[in-house]
1. Taking the stated definitions as given, is His65 touching a Lys or Arg at 6+ places or on another chain (Cβ under 8 Å), at pLDDT 95 or above, part of a loop (DSSP other than H, G, I, E, B) and under 26 Å from Asp134 (Cα atoms)?
2. Answer yes or no: is there a residue in the range 130-149 that is crowded, with 19+ Cβ neighbours inside 10 Å, farther than 24 Å from Val284 by Cα and basic (Lys, Arg).
3. Do any residues in the range 24-39 that are more than 10 Å from Asn302 (Cα to Cα) have Cβ atoms under 9 Å from those of residues that are acidic (Asp, Glu) and part of a helix (DSSP H, G or I), where the two are at least six apart or on different chains, and which pairs are they?
4. Please go through the range 71-108 and pick out each residue that is more than 18 Å from Phe131 (Cβ to Cβ), without any contact (Cβ under 8 Å) to a residue 40 or more places away in the chain and not β-branched (Val, Ile, Thr).
5. Would a scan of the range 60-80 turn up a residue that is surrounded by fewer than 19 Cβ atoms within 10 Å (Cβ to Cβ) and closer than 16 Å to Ile142 by Cα?
6. What residue, among those in the range 265-322 that are within 20 Å of the chain's Cα centre (by Cα) and among the polar types (S, T, N, Q), is nearest to Gly130 (Cα to Cα)?
7. Can you tell me which of (1) under 22 Å from Gln199 (Cα atoms); (2) at pLDDT 95 or above is the one Thr153 doesn't meet?
8. What number of residues in the range 252-273 are out of contact with any His (no Cβ under 9 Å at 6 or more places or on another chain), under 20 Å from Phe295 (Cα atoms) and either without any contact (Cβ under 8 Å) to a residue 12 or more places away in the chain or buried (at least 16 other Cβ atoms within 10 Å of the Cβ) (or both)?
Amino acid sequence: MSLSPLSFANIISIAETWHAIGGALDVEIGALEPLLWRDGERRIHDVVAALTQRGYTVSLTTNGHLLERFAEVLICAGLSLIRTSWHSTDPVLFREISGGHGEYEQFMRGVTTALAGGIRMAFNRVLMRGFTDDLGEQIGFIERHNSRLKLYTLLWTPQSAAMHDELFQRFEPVVERWVMPRTRHVTTVEKEQGRSRTQYHLTKGGMVEVKRGDQFDRSVSPCASCAFKDKCDEGFGDYVRVDPRLHLYFCYMRRDLGFPIAEYLGRPEALKQRLREMLLDMAVESFLAKTPLRFTVTPFCNFNCRVPGAAQGWCMEEPGEFIYPKIRPTLLGR
């Protein structure tokens, strides 16, 4: 049976129940492509407006392909930040990484429309071995627009092990070559839960940021019992996620650490007790107060992102559960 997008009513009910148990008033709408979301006549900016009216600070992650159409209404709805993936400044490589579906000029029109509207923007880039020579151009854009570029290493999953080993690129040599010569000063943001961050403040404006999964303590519960802890760059407690199945979970690698949330909607004390039962070794009130709520509002995407040359996507959302366009043949002759 195919999944449907999260309904508007369920999104609001989850947010209100989360608020009632002392959850952080931060909502991140992301994963797959939230700009495709609809519920009757409602579109994603209606969700943003409803959440901001309830006191939430709302950010959104998008691949940017539809951003030109939605930027203005999202800004008017009170969106605080747009995150978008920007893995290459080369139009051919951009299309390649999107699985053959991304138009670079359309992406850049959306980005410039959003920036012109005054919205804060953060760009996410996955580092891949042999595909970093355009970072100077990208950092120049970040400086001009006083924005943020977040560099990620390629995440390991059991499904992506082969391509991970081939293309994994550590961030240290990349930062040394491309970022440090343009850096004014460096700061570190320590996190009690989740990954710490190193921030490189650029001389001409803007910032490059790196999440430090390598410094996360995996000797404690629940990471200590994880079969993938030696490979994982995730940080437990980065988010509490709710997907279109109305499944609440905490980590891409540990879907077993989750449960259906539908029966707890409107029952905040029951939800808090369930969380206490699952997070035995954690201070639940502190966890709730510091952890953003992240919605995956749609079960489908208009991209199927991959490493260059691959016939398989890299998305951490479960293949088979969610819907992606077919990956097109590589454009790189590999």
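The values are calculated or read from the model by the stated rules, or taken from the named source; none is laboratory data. Bear in mind that the values here come from a model prediction, so they are computed numbers and not experimental data. Every residue, glycine as well, gets a Cβ built from its backbone with ideal geometry; the counts of neighbours run over all protein chains shown.
1. Working: touching a Lys or Arg at 6+ places or on another chain (Cβ under 8 Å): no; at pLDDT 95 or above: yes; part of a loop (DSSP other than H, G, I, E, B): yes; under 26 Å from Asp134 (Cα atoms): yes.
So His65 does not fit the description; no.
2. Yes, because at least one residue in the range 130-149 is crowded, with 19+ Cβ neighbours inside 10 Å, farther than 24 Å from Val284 by Cα and basic (Lys, Arg).
3. Asp39/Asp46
4. Cys76, Ala77, Gly78, Glu103, Glu105, Met108
5. No, the conditions are met nowhere in the range 60-80.
6. Top of the filtered list is Gln312.
7. (2)
8. Final tally of qualifying residues: 10.
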